[in-house]
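To start, the structure itself, in structure tokens.
The values are calculated or read from the model by the stated rules, or taken from the named source; none is laboratory data. Note that the structure is predicted; figures quoted are calculated from it, not measured. Glycine also receives a Cβ, built like all others from the backbone with ideal geometry; neighbour counts cover every protein chain displayed.
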Amino acid sequence: MATIDEIGLEKISPAEARFEQLRKQAGFVLAPIVFLSLWFAPLSGMTKKAADGSLVHNDAAHHLAAIMATTAVLWICESVPLTISALGAAAACIMLRVGTPEEVFAPFANYIMFLFIGSFILARAVFVHGLNKRFAYSILALPWIGARPSRILFGFGAVTAFLSAWISNTATTAMMFAIGMSILAVFFREQAKDRPLDRRYATALMLITSFAASIGGLATPIGTPPNMIGIGLLRNELGVEFSFFQWMVLGTPIVVLLFLFMFVYLNYFCPAGVTEIRGGSEMLQTRRRELGPWTTSQKSTLVAFGITVFLWILPGIVYLVVGQEHAFYKALKNPLNEGVVAIVGAILLFLLPGDRDGRAINWDEAKEIDWGIVLLYGGGFALGSLADKTGLAAALGQGLESLLPLDTAFSMLVFGTVMAVLVSEATSNTASAQIIVPIVIATARAADIDPVIPALGATFGASLGFMLPVSTPCNAIVYGSGFIPITRMIRYGILLDLAGIVVVIGVLKFLTPYLL
């Protein structure tokens with residue numbers, strides 16, 4: 001089987017490499033310029049009431065504006081790791097007296113942090129024990145799929161989207177990329193004996209690997225970091241609770257609609273040129289048999305994961321059956337908090353039997369989770385919380401509201417979704433959510449519009465970045481295959497961006513009112 005290293009995971013063109021280098025270097029120049037410009041600029045609207053009732057300049061909000069703008073520049077340019085930028089911003093807020101250490105670091109104890117940690121450990125166990133690979137080949141080897149190119153494309157994309165709803169988009173893409181390259185190598189070799197396979201089919205299989213991973217992450221709160229960032233901001237800034245089940249009610253239709261759209265146009269524009277691939281079915285069956293019988297670790301991981309998902313969605317199901325005022329629902333709501341359940345699921349892995357060290361996972365394996373994302377969330381959320389407390393968010397919202405014709409909930413939803421998509425093309429999805437969602441909340445408040453639905457639009461929109469290899473790590477991985485001309489990635493990425501905007505706006509417009 002071809003491996004990621006053999007194929008070249010980070011393969012990008014020389015022009016793109018130069019652009020990336022220039023982008024990172026630009027941050028070291030732009031960041032201090034932006035900081036000093038805002039620090040000394042006479043910002044209007046930065047006022048607060050003094051003890052005697054008079055209006056005085058709001059130094060805390062002014063200083064925070066300089067810190068947040070500088071952090072946004074560093075996030076977009078990625079001159080230093082995103083996590084370091086977020087932690088540096090938190091430290092700067094204390095040193096420049098924007099907030100006390102207790103105020104700044106309080107968000108690092110938010111329950112969302114523990115949802116991150118617990119779900120990452122569960123995902124780590126799934127990946128370490130190859131449960132995701134077993135699931136992938138079990139689906140692809142189904143008789144219904146056989147050796148028909150269109151069905152393989154559909155099944156491959158569907159598996160990728162499903163896995164991405166539960167584990168990292170990047171990890172899912174990396175695993176499915178290796179499987180996809182192995183499949184293509186066999187397909188091209190076997191078809192060379194008969195009618196050659198059209199290279200456009202390879203483009204479709206690689207693109208659906210990346211695109212389906214990004215789309216699938218929208219289905220659950222743990223599917224991608226922007227989802228949890230949005231949920232945390234809704235809870236802490238607006239006092240709105242979004243349960244695991246409620247999120248899936250919104251996210252699943254978006255995933256299904258976008259996936260079907262993506263499959264139809266990739267299947268149409270990138271045909272295989274043959275109705276059946278020689279040896280395709282036999283190869284997939286062989287790959288499945290090579291996995292061998294289920295191991296004890298795989299069974300234990302599946303049990304822990306199943307229990308966790310069940311407890312995540314149980315309060316939502318009870319809510320639908322008996323209503324939010326029923327005693328049973330109230331009794332479940334806090335004990336089965338998503339963060340608590342994630343930690344319980346992770347602990348189960350250390351208790352259930354396994355093949356190594358006698359347990360399903362050990363600490364050396366578990367500690368390899370992405371701690372950077374956890375700390376990035378804490379730092380970014382600290383900035384959002386301080387923006388609200390200092391009055392910066394209100395001032396920013398009033399400024400944007402006066403400049404843009406955002407006078408209805410629908411126009412605010414469109415604004416939030418489109419802005420998040422555009423920013424996500426230039427920077428990471430996580431950074432996009434950290435930057436755009438607080439702005440949308442502040443702008444909606446200033447316009448006296450309920451900010452919940454626009455904030456959700458920005459949250460979902462932050463995960464829609466499909467045009468360029470640098471838009472997401474998923475795109476960068478598949479671009480390294482050599483099967484994707486940059487013009488096709490841009491062309492098909494634009495189509496999916498536009499479809500994503502329409503689908504997100506439509507689903508939120510019609511479904512969210514029934515959940516709030």
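Taken over the stretch 275-301, the criterion of being of a type in the set (A, V, I, L, M, F, W, C) and surrounded by fewer than 19 Cβ atoms within 10 Å (Cβ to Cβ) is satisfied by LEU291, TRP294.
Of the helices (runs of 4 or more DSSP H) lying entirely inside the stretch 37-111, the ones with 2 or more residues being over 13 Å from THR390 (Cα atoms), in contact with a Ser or Thr (Cβ under 9 Å, 6 or more places away or on another chain) and at pLDDT below 90 are found at 59-77, 82-95. When LEU163 is tested against the conditions (1) in a loop (DSSP other than H, G, I, E, B); (2) in contact with a Ser or Thr (Cβ under 6 Å, 6 or more places away or on another chain), the lone failure is (1).
Of the residues that make up the stretch 501-510, is at least one more than 20 Å from GLU241 (Cα to Cα), free of Cβ contacts under 8 Å to residues at least 24 places away in the same chain and in a loop (DSSP other than H, G, I, E, B)? No, the stretch 501-510 contains no residue that is more than 20 Å from GLU241 (Cα to Cα), free of Cβ contacts under 8 Å to residues at least 24 places away in the same chain and in a loop (DSSP other than H, G, I, E, B). Take PRO315 and decide whether it is over 30 Å from PRO143 (Cα atoms) and assigned to a helix (DSSP H, G or I). Criteria met by PRO315. Residue count for the stretch 308-336, restricted to those that are polar (S, T, N, Q) and surrounded by 18 or more Cβ atoms within 10 Å (Cβ to Cβ): 1. Within the stretch 489-499, can one find any residue that is of a type outside the set (S, T, N, Q), surrounded by 22 or more Cβ atoms within 10 Å (Cβ to Cβ), at pLDDT below 85 and not in a helix (DSSP H, G or I)? No; the residues of the stretch 489-499 include none that is of a type outside the set (S, T, N, Q), surrounded by 22 or more Cβ atoms within 10 Å (Cβ to Cβ), at pLDDT below 85 and not in a helix (DSSP H, G or I). List the number of the failed condition for ASP407; all other conditions in (1) charged (D, E, K, R); (2) more than 29 Å from PRO473 (Cβ to Cβ); (3) surrounded by 17 or more Cβ atoms within 10 Å (Cβ to Cβ) hold. If we test ASP407 against (1) charged (D, E, K, R); (2) more than 29 Å from PRO473 (Cβ to Cβ); (3) surrounded by 17 or more Cβ atoms within 10 Å (Cβ to Cβ), just (3) comes out false. Among the conditions (1) in contact with a helix residue (DSSP H, G or I) (Cβ under 9 Å, 6 or more places away or on another chain); (2) among the β-branched types (Val, Ile, Thr); (3) part of a helix (DSSP H, G or I); (4) closer than 30 Å to PRO335 by Cα, THR252 misses just one, which is (1). Selection within the stretch 325-358: residues that are basic (Lys, Arg) and under 20 Å from ILE313 (Cα atoms). The member of this set that is modelled with the highest pLDDT is LYS330. Would you check which residues across the stretch 457-474 are part of a helix (DSSP H, G or I) and either touching a strand residue (DSSP E or B) at 6+ places or on another chain (Cβ under 7 Å) or surrounded by fewer than 24 Cβ atoms within 10 Å (Cβ to Cβ) (or both) and list them? Of everything in the stretch 457-474, just one residue is part of a helix (DSSP H, G or I) and either touching a strand residue (DSSP E or B) at 6+ places or on another chain (Cβ under 7 Å) or surrounded by fewer than 24 Cβ atoms within 10 Å (Cβ to Cβ) (or both), namely PRO473. Considered as a group, the residues in the stretch 238-295 that are free of Cβ contacts under 8 Å to residues at least 40 places away in the same chain and touching a Ser or Thr at 6+ places or on another chain (Cβ under 9 Å) include one that is farthest from PHE116 (Cα to Cα), and that residue is THR252.
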